[in-house]
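Accompanying notes for the structure given below.
Read the figures in this text as sums done on the coordinates, not as results from a lab. Owing to the predicted nature of the structure, the values given are computational and were not obtained by experimental measurement. FYI the Cβ positions are ideal-geometry reconstructions off the backbone, even for glycines, and counts take in every protein chain you see.
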């Protein structure tokens, strides 16, 4: 079986985008060892696998094997989307491992069971429903935590609003293609409708790239938030401690006639003054 040139081009663009996402997430994971980044790495890897699977269709004429490729394609896409969305959501929501693995188990087993006992169209449709549920769940989480996200992203908050709009647009495009393209099949791998192919792969690529951009801005927002915490909170608390030390040292020096005690007190006061200057520099950063 042969795929339309536009389909091949769309798949290649998506593979490149997902590969970049995997590299960026892996780099963040090696630096932070954070669970959300490990989920994002696995998500991008599943999305990469999903991008390569359709090319297997071109090497066989066996309808059953083609159906297997199509099911694996949508399953790996859903697993990747779920892990990526969960990783992004963990910036403002906490999930237990049991919940994450339970959902992954359902994403994998439901379409396999549907294929085994029913037919391929039901298996694919059940996976598409999962896909829509994952997207709507993410949209709900973003809306519910919009204040926290706005505080993290600040002036970049519009990016996640745009991502939400693009996700909704992807669903609209998908449903429009189902209802308007004759003999529609998942992924349009065997389609010859250029307009439909361009609409579908443009929406997928736009969501992928915008999702990567939101991830980078979330990381930047978290970094700035931590930097401000260091300046405003920690430096303030350390400053208060130094004030107590200086006050105690001054009182000891005033009441003591011992030269040794006064010498030690002077050292404490001098070092406290140096620490105070360092705190001022931290606040000015």
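Just need log10 I(q)/I(0) for the stretch 5-223 at q = 0.12, 0.16, 0.19 Å⁻¹, Debye formula, equal scatterers on the alpha-carbon atoms, no solvent, rounded to two decimals.
-0.64, -1.13, -1.55
Report the calculated FRET efficiency for residue 58 and residue 172 (r = Cβ-Cβ distance, R0 = 30 Å), to the nearest 0.05. Show your work: numbers first, answer last.
Numbers: r = 29 Å, r/R0 = 0.98.
For R0 = 30 Å, the calculated efficiency reads 0.55.
Using the Kirkwood formula on the Cα atoms of the stretch 1-72, what hydrodynamic radius do you get, in angstrom to one decimal? Mind dumping the intermediate values first?
Working: mean 1/r = 0.0741 Å⁻¹.
Here the Kirkwood hydrodynamic radius works out to 13.5 Å.
Contour minus end-to-end for residue 151 and residue 180, with contour as 0.36 nm per residue of separation and end-to-end as the Cα-Cα distance?
Working: separation 29, 0.36 × 29 = 10.44 nm, distance 4.18 nm.
Value of the extension gain: 6.3 nm.
May I have the extent of the alpha carbons of the stretch 1-131 along their three principal axes, as whole Å values ordered from largest to smallest?
Each principal axis gives a Cα extent; for the stretch 1-131 these are 47, 34, 17 Å.
If you count, for each residue, the other Cβ atoms within 10 Å and average over each peptide, how do 135-147, 33-45 line up from highest to lowest?
Details: 135-147: 15.0, 33-45: 20.5.
Result, highest mean Cβ count within 10 Å first: 33-45, 135-147.
With label points built 7 Å along Cα→Cβ from the Cα atoms of residue 112 and residue 205, find their separation and express it in nm.
The modelled label-to-label distance comes out at 3.4 nm.
For the stretch 111-161 and the stretch 30-65, what is the centre-to-centre distance using only Cα atoms, to the nearest Å?
Comparing the Cα centres of the stretch 111-161 and the stretch 30-65, I get a distance of 17 Å.
Could you work out how much longer the chain between residue 122 and residue 95 gets when fully extended? Use 0.36 nm per residue separation minus the Cα distance between them, nm to one decimal.
Answer, rounded to one decimal: 6.7 nm.
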